[in-house]
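Below you'll find the structure, written out as structure tokens, and then a few comments.
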Amino acid sequence: MDVLTDQDVQKYRDEGYLVLDGLLSPEECDALRDRMSEITEQMDVPEHCRTQFSTDHDEQLKKQIQGNADYFITSGDKIRFFFEKGVFDDKGEFIVPKEHSLNKIGHALHAYEPLFKAVTHSPKVQSLVKKLGLIYPVILQSMYIFKQPGIGGEVTPHQDATFLYTQPLGRVIGVWIALEDATLENGCLWFIPGSHNDGITRQMVRTPKGTFPLTDFIGREKIHDDKLFIPVPVKKGGAVLIHGEVVHRSAANTSDASRHVYTFHIMESQNTIWSPENWLQPTEELPFPSLYT
């Protein structure tokens, strides 16, 4: 992949996203997937997924939802496992092969996994971000998304800034890397070009300590005209740069091919306020690391 051209930068600014071919080589993609297979093989399934069968359905559900929420909101500086629906039985045992059960793993692969850290901080990524004009970029979070064959769920239309809110807006960029071909059949991304210019209508916030649920939404997602979405298939090793406010979605994976992705978010930290109400917060163990170091 060559350095971004001025035309690429303009396209990103006009449309809110940019497709890049060949950010990673096929070998680099395979190395990340192989490492993820090892992590999956060795994973400890979180306790809330092992909730024993109870005749009180509501009580069981409450335990699982509360456990899910705690597990999620404290995952910013850890490597944690998030599962597709319906992969466990009443006793918390897998009813699908373990390697096909996961929705995603997040949110600190970039900090603790050497291969993922190397890709995140790679000279290629640094040069992209410099070309886009970021001066003090920091890494907010990272995720490995599986989009499992047949059960990989739909991701409804959203803007990343809903969940990663800054003042001013426009300081967050997603880097979404296809580790396998992302196709119309297996759930590639779809975008509304130019939708990053309209602000956001919904913000996810932490609720006051001691209340449940642990997060809530201010505002509502707009109803988007389906005809405005453009599909963005990406070849293995290709990437998409995603503006924090561009509206995007992906369909369920109804094919028999998975759609593995490594994705991470970068923020320009100069003159930017990271919302203290965001679910994700830097910690003593893991302050948001600088991209350039």
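Could you state how much accessible area R13 has, in square angstrom rounded to the nearest 10, with a 1.4 Å probe and all protein chains kept in place?
R13 exposes around 120 Å² with every protein chain in place.
May I ask you to give the percent of accessible area on the range 115-255 that is carbon plus sulfur, with a probe radius of 1.4 Å?
Solvent-exposed carbon and sulfur of the range 115-255 make up 59 percent of the total.
Tell me the angle of helix 57-73 to the major Cα principal axis of the chain, expressed in degrees between 0 and 90 and rounded to the nearest ten.
Roughly 30 degrees between the two axes.
Give the residue list of GluC sites (Glu not before Pro) in the range 197-293 that are DSSP loop and have at most 13 other beta-carbon atoms within 10 angstrom.
E284, E285
Have a look at H260, I223, V87 and report the one farthest towards the positive end of the charge dipole of the chain, computed about the Cα centre with Cβ charges (Lys/Arg +1, Asp/Glu -1).
Value: I223.
Going down the list K11/K131; K85/K235; K11/K227; K124/K236, which pairs span over 23 Å between their C-alpha atoms? Could you put the intermediate results ahead of the total?
Details: K11/K131 13 Å; K85/K235 28 Å; K11/K227 21 Å; K124/K236 16 Å.
The pairs that break the limit, which is 23 Å between Cα atoms, are K85/K235.
For the chain, give the magnitude of the charge dipole about the Cα centre (Cβ charges: +1 Lys/Arg, -1 Asp/Glu; no others), in debye to the nearest 20.
Working: 29 positive and 41 negative charges, 116 e Å.
With Lys and Arg at +1 and Asp and Glu at -1, about 560 debye.
Using a 1.4 angstrom probe on the protein heavy atoms only, line up I242, I273 by accessible area, largest first.
The residues order as I273, I242, largest area first.
In deg cm²/dmol and to the nearest 500, what is the mean residue ellipticity at 222 nm of the chain if only DSSP H runs of at least 4 residues count, each as -39500 (n - 2.57), divided by the residue total? Walk me through the numbers on the way to the answer.
On the way: 6 runs with 64 residues, N = 293.
One gets -6500 deg cm²/dmol as the mean residue ellipticity at 222 nm.
Relative contact order of the chain: what whole-number percent is it, with Cα pairs under 8 angstrom and at least 6 residues apart?
Working: 595 pairs, mean separation 84.2, N = 293.
This gives 29 percent for the chain.
Find the accessible area per residue for the chain; the probe is 1.4 Å, ligands and nucleic acids are left out, and the unit is Å². Intermediate results must be reported in sequence, preceding the final value.
Details: 14270 Å² over 293 residues.
It amounts to 49 Å² per residue over the chain.
Sorted from largest down, give the three principal axis spans of the alpha carbons of the range 136-293, whole angstrom values.
That works out to 42, 38, 33 Å along the principal axes.
Report, in whole Å, the centroid distance computed from the Cα atoms of the range 69-86 and the range 113-127.
The range 69-86 and the range 113-127 have Cα centres separated by 23 Å.
The values are calculated or read from the model by the stated rules, or taken from the named source; none is laboratory data. What you see is a predicted model, and the numbers here were worked out from it, not measured in a lab. Neighbour counts run over all protein chains shown; Cβ positions are idealised from the backbone, glycine included. Accessible surface is based on the protein model in full, side chains and every heavy atom, while ligands, DNA and RNA are left aside. Shrake-Rupley method; radii C 1.70, N 1.55, O 1.52, S 1.80 Å.
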